[in-house]
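Reading through the structure tokens given below for one structure.
The values are calculated or read from the model by the stated rules, or taken from the named source; none is laboratory data. Note that the coordinates shown come from a computational prediction; the quantities given were computed from them, not determined experimentally. Note that each Cβ is placed from the backbone with ideal geometry, even for glycine, and that neighbours are counted across all protein chains shown.
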Amino acid sequence: MQQFIRRTDKEINEDLLAGVLGMPKWWLPAVIFLTIVVFAGLGSFGYMMNKGLGVTGLNRPVMWGFFLVNFVFWIGISHAGIMISAILRLTKAEWRRPVTRAAEVMTVFSLMAALHTPLVHVGRPWRELWVFPYDFARGVWPNVRSPFVWDPSAVGTYLIGSSLFVFVALLPDMAVLRDRVKGKISKRIYGVLCLGWRGTPRQWKLQALAGILLSALVLPVFVSVHSIVSWDFAVVIGVEGWHSTIFAPYFIIGAIHSGVSAVAMLMALAVWLWGYEKYLRPDHFDAIGRLLIVVATTWFFFFFLEWVFALYTLESPEIVLRETQITEWPYAPLFIVFLFAAFIIPVPMWLFKRVRRSVKLMFFTTILVNIGMWLERFLIIIPGMIRRQPMSFDWGAYSPSIVEILIVAETFAFVALGMLLFSKFLPLIPLFDIKEGMVLRDEIKVGRRVVPAVIQE
């Protein structure tokens, strides 16, 4: 049963705008630390541009390493916003209300972090514009069969759509901030950003309609983006373990698994850091935990199918690759950690209601899931490239350098820093959504029990 606590509009404004109008003690030290990590990563990127890709652990035949793993990981995390916001908005799931904003914002910053990878890895980032499909004066078009053209097109479309999704939902909240901030400059900035929002019936109608339309329009992009990312691998027939026809649905469900887990992790942090326990109740963690059981089980089914399809043909290269993943160092222990972290430990725990309603245990299990899913991407990408080919000169191994590790750490710090900066200027929980939920929700008596209900026309 959903726990229902009625709050007035004034109380909602005070609770959810406290972090915007004030500054928690931990906020500035956290921002400084994350900024240092970001600049360390950017400095490593500059050093790599000056010295060349030789300062990384990349070599023949491992032409991609942590960069590609990180790219796929962040694309997966970005699916959380659309999964939580668009799908649950269209299905009118009430528990989505305090969760949607943080999930959408995390989507935007995750996509920005994912776009770091092609920029970093091309070696000549000043020529990155060549991947965009417009006619140059030289009359040469980009090769549309290249994944370097597919990914920016798909991810760029997804980023624009997600940013628009966030901006439209922010309009009423920015109008509230326009009326509550004291500084003249702040008032003017919020006044410009809210596009003259006055809360008229016509504006509310258009805002609700825009949310529904954007939800429906972004969903196909949500499906296509990770399909295209999976095809980056599936069309490469020269690397064992990559050219699998099941990769598109397998990558999509894996992205949802890691993305929804990241949202649950973010919910726990919001409770601890911003004090949102009045709005992110145990019922919300219970709901997202039940959703994760379904998602994780579906992902494990596709993971099983991927292994079945690989071994069914009894092709020697595929069998050697699978043996590498489960028997050779360091992939064998990483495979065990991945399997336990992504499925074996968290899913049985989520079957218990006490675990699903515990903020600490949900945080622990979802952290495990994202560690496991990062390792899953690593085990898909790296072992296939290090497999020994007939020509011995092409044998090699892969170990990441400190430059790669710092650049990967920079992407994590970038997303965390973006979330912290956003939370300082805009609310992480949508004010108007919570207020609407208070209006629509009521309690009715069914027999001897009083249960919460949603009243709609």
(message) Step by step: first the residues of segment 310-334, then only those that are in contact (Cβ under 8 Å) with a residue 24 or more places away in the chain, in contact with an Asp or Glu (Cβ under 9 Å, 6 or more places away or on another chain) and among the hydrophobic types (A, V, I, L, M, F, W, C), then the one that is nearest to His257 (Cα to Cα). Which residue is that?
(response) Ala310
(message) For segment 356-404: of the residues being at pLDDT 90 or above and small (Gly, Ala, Ser), which is nearest to Ile252 (Cα to Cα)?
(response) Gly372
(request) With the checklist (1) out of contact with any Gly (no Cβ under 8 Å at 6 or more places or on another chain); (2) modelled with pLDDT under 90; (3) under 19 Å from Val415 (Cα atoms) in hand, flag the one item Met265 doesn't pass. (result) (2)
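Could you pull out the residue among Val99, Val72, Val38, Val55 that is touching a residue at least 60 places away in the same chain (Cβ under 8 Å), of a type in the set (Val, Ile, Thr) and in contact with a Phe, Trp or Tyr (Cβ under 6 Å, 6 or more places away or on another chain)?
Val38
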(request) Any chance you could count how many residues in segment 18-32 are within 13 Å of Arg180 (Cα to Cα) and either touching a Leu at 6+ places or on another chain (Cβ under 7 Å) or among the aromatic types (Phe, Trp, Tyr) (or both)? (result) 1
(request) Any residue in segment 280-303 that's closer than 13 Å to Pro249 by Cα: show its pairings with residues that are among the hydroxyl-bearing types (Ser, Thr, Tyr) and assigned to a helix (DSSP H, G or I) at Cβ separation under 7 Å, as long as the two are six or more apart or on different chains. (result) Phe302/Tyr250
(request) Test each condition in (1) surrounded by 14 or more Cβ atoms within 10 Å (Cβ to Cβ); (2) in a loop (DSSP other than H, G, I, E, B) for Gly196 and report the one that comes out false. (result) (1)
(request) Being exposed (fewer than 15 other Cβ atoms within 10 Å of the Cβ), basic (Lys, Arg) and assigned to a helix (DSSP H, G or I) is the filter here, so list the residues in segment 36-89 that pass it. (result) Lys51
(request) Tell me, yes or no, whether segment 296-308 has at least one residue that is among the β-branched types (Val, Ile, Thr), surrounded by fewer than 17 Cβ atoms within 10 Å (Cβ to Cβ) and at pLDDT below 90. (result) yes
(request) Give segment 242-275 a look and list any residue that's under 21 Å from the mean Cα position of the chain (by Cα) and aromatic (Phe, Trp, Tyr), or say none. (result) Phe247, Tyr250, Phe251, Trp272, Trp274
